Amino acid sequence: STHLFFVAVATSIIFSFLLLNSGGSTHAIMPPDAKLPADLVCKDRPASKSNATPSPQHPTGPEPKWHILKILNYAAATSFTASVLYFASDYSRFLSDSASLLKFITGWSAFLVFFFGFFGISFVDADGLLAHEEEEVRIRQQQMQRQMQPAKSHHSHNSGPTKSKLHLPASSAPVCCDPTSMKTPAASKAPTNVKELPDEEIANLVHAGKIKDHTLEKLLDCDRAVAVRRLAFDAKLSTLNRGGALADLPSGPSLDYSRVHGANCEIVVGYVPLPVGMVGPLTLNEETVYIPMATTEGCLVASTNRGCKAITAGSGAISTITRDGITRAPCLRMKSAKEAAHLKIWCEQKDNFALMKEAFESTTNYGKLLSAAPTVAGRNVYVRLQCFSGDAMGMNMVSKGSLAVIDLLKSIFPTLELVALSGNMCTDKKAAAVNWIEGRGKSVVVEAIIPLAVVRSTLKTDVKTIVHVNTQKNLIGSAMAGSGGG
């Protein structure tokens, strides 16, 4: 039996040597200097060193069959384990027989040589070598596919649109709070007789950067400024293969651009017309009102009109404004939390609020400061200023007044730092619990009683169904979605 083990070890070593040096892998990588067959090279594509991708370096010899070596390792390990168990079964006899012991030692030494030489390679590195080999095959196949692409793809690539250039950032831009940004450009850059030039020539000056596009209203009348700006931007868009993109955007004289300039929009190139539908009659506070509604949503005006009909057919609606005030909450940062607390206490005192109110209202003829509610978060203080703005939405009004209040606070607290004019506790254009609880803008309560007959004839339903849907949808559904607005 010891002879059989010795023969098995010798055979394993010889077989492994042959495997490592035999030819063989069907996935062998072509050497870097090898050339593709002539029928695989696209004749229509000229060779170019700049486009060539270097082939992965790999030995030119045959690849070993690692998966067979891995199986052989398992067989060698099994044989070694069996020989040890066989020796242990009658170790006293083998120890007394020097010839048998020598054979066991020689066999086990050969096993160790095999293990150190091949076992670690297969179990530790075989998978990595296989993955590396597959990656090299994939890269080589991609190279071959690129070289085998038909000539028509090359021609279609050349005939496609030229890649557009990236435009540089604007040299300047209008800043609403900085009147100097709207001043007329220096005379050295723009002609003094701009009004006498044709629109196309002025547009070329804008395109060349000699006239800033946001200053055209200062040089020309507002209507002509829009026309020139459209020509200038069309020239810019043409470099991006998008010339004529503004052709369908209305810009005619139906809009008074002099009312838009400095109030509603900057760098104007036109306007977007919206359909306006009429809703009504609606009985509201014992008066008949009609409501113009601008929308592009189909059926919105029709469904609103049906609701107005149902309300008017009953007793009409009664509305009451319970709160009216737009808000702005600057983020102020103090040197310490103690100073932040002192600022909060100062703002909450009645006499000090009178000083803040006076500073605020010095900036507007219509706005009235109603309250100032400070909130402390560490060294930060968010002073939520509430302002009555009349019929206006009033954000510019309250922002300008807030700056005056901050100047007042800085004179009293020299270490005060303005982090942001809006600290997000206003809260503007976002759903926020503070708006729901404290209100923002106009808070209104509306009441209407609709008779059962009107519910059935106009709304085509019944009261029980409305209550059921409202509970399942607006109560449970909104709660599941985390919606705060119903």
Condition check for Thr363: touching a strand residue (DSSP E or B) at 6+ places or on another chain (Cβ under 7 Å) and polar (S, T, N, Q)
no
Only one residue in Glu358, Glu339, Glu286, Glu348 is of a type in the set (D, E, K, R) and under 30 Å from Thr461 (Cβ atoms), so which one is that?
Glu286
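What helices (runs of 4 or more DSSP H) lie completely within region 392-459 and have 3 or more residues being small (Gly, Ala, Ser)?
On the way: elements: 395-412, 433-438, 452-457.
Hits in region 392-459: 395-412.
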Given the conditions (1) in contact (Cβ under 8 Å) with a residue 24 or more places away in the chain; (2) within 40 Å of the chain's Cα centre (by Cα); (3) open to solvent by 60 Å² or more (accessible area, probe 1.4 Å), which single one is not true for Leu332?
(3)
Quick count over region 169-218, residues being at pLDDT below 70, under 16 Å from Val268 (Cα atoms) and of a type in the set (Val, Ile, Thr), is 1
Do any residues in region 74-95 that are of a type in the set (A, V, I, L, M, F, W, C) and open to solvent by less than 80 Å² (accessible area, probe 1.4 Å) have Cβ atoms under 9 Å from those of residues that are modelled with pLDDT of 80 or more and not in a helix (DSSP H, G or I), where the two are at least six apart or on different chains, and which pairs are they?
none
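Inspect all residues belonging to region 454-464 and state whether any of them is touching a residue at least 40 places away in the same chain (Cβ under 8 Å) and within 36 Å of the chain's Cα centre (by Cα). Before you say what the answer is, go through the steps one by one.
So in region 454-464, the residues touching a residue at least 40 places away in the same chain (Cβ under 8 Å) come out as 454-455, 458-459.
Then keep just the ones that are within 36 Å of the chain's Cα centre (by Cα); that gives none.
Among the residues of region 454-464, not one is touching a residue at least 40 places away in the same chain (Cβ under 8 Å) and within 36 Å of the chain's Cα centre (by Cα), which makes the answer no.
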Please find, among Arg224, Arg259, the residue that is free of Cβ contacts under 8 Å to residues at least 24 places away in the same chain, farther than 21 Å from Ala170 by Cβ, of a type in the set (D, E, K, R) and not in a loop (DSSP other than H, G, I, E, B).
Arg259
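Please enumerate the residues belonging to region 380-399 that are surrounded by fewer than 18 Cβ atoms within 10 Å (Cβ to Cβ) and either closer than 15 Å to Lys357 by Cβ or at pLDDT 95 or above (or both). Let's see the steps before the verdict.
First pass over region 380-399, keeping only residues surrounded by fewer than 18 Cβ atoms within 10 Å (Cβ to Cβ): 380, 388, 390-393, 395-396.
Answer for region 380-399, where residues must be surrounded by fewer than 18 Cβ atoms within 10 Å (Cβ to Cβ) and either closer than 15 Å to Lys357 by Cβ or at pLDDT 95 or above (or both): Asn380, Phe388.
Of these, Thr304, Thr320, which one is within 25 Å of Ser371 (Cα to Cα) and more than 35 Å from the chain's Cα centre (by Cα)?
Working: Thr304 fails: within 25 Å of Ser371 (Cα to Cα).
The unique qualifying residue is Thr320.
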Number of positions in region 363-379 that are part of a loop (DSSP other than H, G, I, E, B) and either at pLDDT 95 or above or of a type in the set (A, V, I, L, M) (or both):
2
Matching option when the condition is small (Gly, Ala, Ser), outside any strand (DSSP E or B), out of contact with any His (no Cβ under 8 Å at 6 or more places or on another chain) and closer than 22 Å to Leu418 by Cβ, among Ala340, Ala310
Ala340
Kindly indicate whether Ala294 is under 30 Å from Thr458 (Cβ atoms), surrounded by fewer than 18 Cβ atoms within 10 Å (Cβ to Cβ), of a type outside the set (S, T, N, Q) and touching a Leu at 6+ places or on another chain (Cβ under 6 Å).
yes
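The values are calculated or read from the model by the stated rules, or taken from the named source; none is laboratory data. Given the structure is predicted, the values throughout are model-derived calculations rather than measurements. A quick note on method: Cβ atoms are made from the backbone with ideal geometry, for glycine too, and the neighbour counts reach across all protein chains shown. These accessible areas exclude ligands, DNA and RNA; they are computed on the full protein's heavy atoms, side chains included. Shrake-Rupley method; radii C 1.70, N 1.55, O 1.52, S 1.80 Å.
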